[in-house]
Amino acid sequence: MFQTLSIFDTQLYADSVEWCPIESFKDLFICGTYQLIENTESIEKKESKSSRRLGRIYLFQVVKDGSMKLLQQLETEGVLDMKWAHVTCNQKILLGVVNSLGYLQIYQLRDGDDEMLKLMTELKVNDQKEEILALSLDWSTGKYSCENNSIAKIIVSDSTGGITLFELHNDQIKNLTSWLSHEYEAWISAFDYWNVNIIYTGGDDCKFQRFDIRTEKKFTMTNMIHTAGVTSIHSNADKEHVVASGSYDEKLRLWDTRNFKRPISETNLHGGIWRLKWDPFVRRFLLAACMYGGFKVIDCLNTETPSIVDEYNNNESLSYGCDWSFLSRQCILERAIFQTNEQNLALVSTCTFYDHNLKLSVVRLTDE
């Protein structure tokens, strides 16, 4: 089972957590929050209503005995998703954030500075629409190669069903192209890390779609096998042609990208799936945030018969954010984060929504 090392109260509802993948900074991770605040004036003032989606970004360092040291707290708009660039870009460590005002923001992580995370640039995904939420993002750098890229692409999905492809060049964001992908919210967008011309999207209309940005029409595939909204898609950076998708219909689906007629396998995780993350070491295990079904670790060594090997259930709140630490077992021991003789363990962070809890835990992975 998950063994919790420490807990932090984020105060606002917590929905996203991401570990830094860059060497020398792998002991850092961030947590984002999102909360709708409604203000109602008195009847004498015609009972007008206004609301704002508040957010915060917390930057933590994991230290001795698994404690979380808060390094920085940023007051922002509501955070819907965050992703670190998998490698340095133009010799910078970058964090992408999408928020409730419809902006893609790029923060730079700077060492030896009190303000370690600093906003570098931002751009709205669709400046023609005032009411728009930017819902997810992914970087094209997922193969963890081409260190010090001077140019990187970022894909963003939004609440109108739109998809926008950006390019980061000379520390500025440029809107390359956008298109309507879904009839309702486009919950997720993701690159195929083996071919970053290929983009996958999932929406509240139950569609799982593939696009090729080299073609004029872009669209190349649509699939309606999911019986509820498609919320998570993650390409496997070690195993070509393997992609995982998750849905409100509670089923994890593994796909061979050469055949989208049917998935390789379907596994019921007993809770609407919000996030799926391949482990950063062998990319055999998936960490899943299953909303009403807690957090689960799934062994996908055999893609035809994945199996749940560990889980943590919290019935009091929505399980929304999860991620693996990039720290190896040796680093965990050397830094005295957790002492054990066990060989196959990993650190993970999870966050839950309504109880605003961020947790750092140890999970044990089978080596069979």
Among residues of region 67-116 being acidic (Asp, Glu) and within 18 Å of the chain's Cα centre (by Cα), the residue least open to solvent (accessible area, probe 1.4 Å) is Asp81
Query raised in the report: Quick check, is Phe166 crowded, with 20+ Cβ neighbours inside 10 Å, over 14 Å from Asp138 (Cβ atoms) and over 17 Å from the mean Cα position of the chain (by Cα)?
Result: no
Filtering region 181-197 down to residues that are closer than 28 Å to Met120 by Cα and either without any contact (Cβ under 8 Å) to a residue 40 or more places away in the chain or polar (S, T, N, Q) (or both) yields Ser189, Asn195, Asn197
| said: If I filter region 286-308 for residues that are open to solvent by 20 Å² or more (accessible area, probe 1.4 Å), under 19 Å from the mean Cα position of the chain (by Cα) and basic (Lys, Arg), do I get at least one hit? | reply: no
Going through region 268-294 in order, the residues found to be within 20 Å of Ala190 (Cβ to Cβ) and not in a loop (DSSP other than H, G, I, E, B) are Arg275, Leu276, Lys277, Trp278, Phe285, Leu286, Leu287, Ala288, Ala289, Met291
Taking region 239-260 and keeping only residues that are part of a loop (DSSP other than H, G, I, E, B) and in contact with a strand residue (DSSP E or B) (Cβ under 8 Å, 6 or more places away or on another chain), one is left with His241, Tyr248, Glu250, Thr257, Phe260
When every residue in region 222-231 that is farther than 29 Å from Val87 by Cα and either polar (S, T, N, Q) or at pLDDT below 95 (or both) is compared, the one least open to solvent (accessible area, probe 1.4 Å) is Asn223
In region 255-266, residues that are in contact (Cβ under 8 Å) with a residue 24 or more places away in the chain and buried (at least 21 other Cβ atoms within 10 Å of the Cβ) total 1
Ser317 fails exactly one of (1) assigned to a loop (DSSP other than H, G, I, E, B); (2) open to solvent by 20 Å² or more (accessible area, probe 1.4 Å); (3) hydroxyl-bearing (Ser, Thr, Tyr), namely (2)
Restricted to region 62-89 and to residues being assigned to a strand (DSSP E or B) and either of a type in the set (D, E, K, R) or touching a Pro at 6+ places or on another chain (Cβ under 9 Å) (or both), the residue farthest from Ile332 (Cα to Cα) is Glu77
| message | Would you confirm, using the coordinates I've provided, whether Lys251 is exposed (fewer than 15 other Cβ atoms within 10 Å of the Cβ), of a type outside the set (A, V, I, L, M, F, W, C) and more than 25 Å from Val87 (Cα to Cα)? | response | no
Of the residues in region 341-364, those that are touching a residue at least 12 places away in the same chain (Cβ under 8 Å), more than 18 Å from the chain's Cα centre (by Cα) and open to solvent by 30 Å² or more (accessible area, probe 1.4 Å) number 6
So, first residue on the phi > 0 side of the Ramachandran plot and in contact (Cβ under 8 Å) with a residue 24 or more places away in the chain in region 86-103, second residue open to solvent by less than 20 Å² (accessible area, probe 1.4 Å) and outside any loop (DSSP other than H, G, I, E, B), Cβ within less than 8 Å, six or more apart or across chains; the pairs are Gly102/Ala134; Gly102/Asp158
Taking region 174-213 and the residues there that are among the small types (Gly, Ala, Ser) and over 16 Å from Ser245 (Cα atoms), the one that is most open to solvent (accessible area, probe 1.4 Å) would be Ser178
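The values are calculated or read from the model by the stated rules, or taken from the named source; none is laboratory data. Please read all numbers here as calculations on a predicted model, not as lab measurements. Neighbour counts are summed over all protein chains in view; Cβ atoms, including those assigned to glycine, are modelled from backbone coordinates with ideal geometry. To get the accessible areas, we keep the full protein, side chains included, count just its heavy atoms, and leave off ligands, DNA and RNA. Shrake-Rupley method; radii C 1.70, N 1.55, O 1.52, S 1.80 Å.
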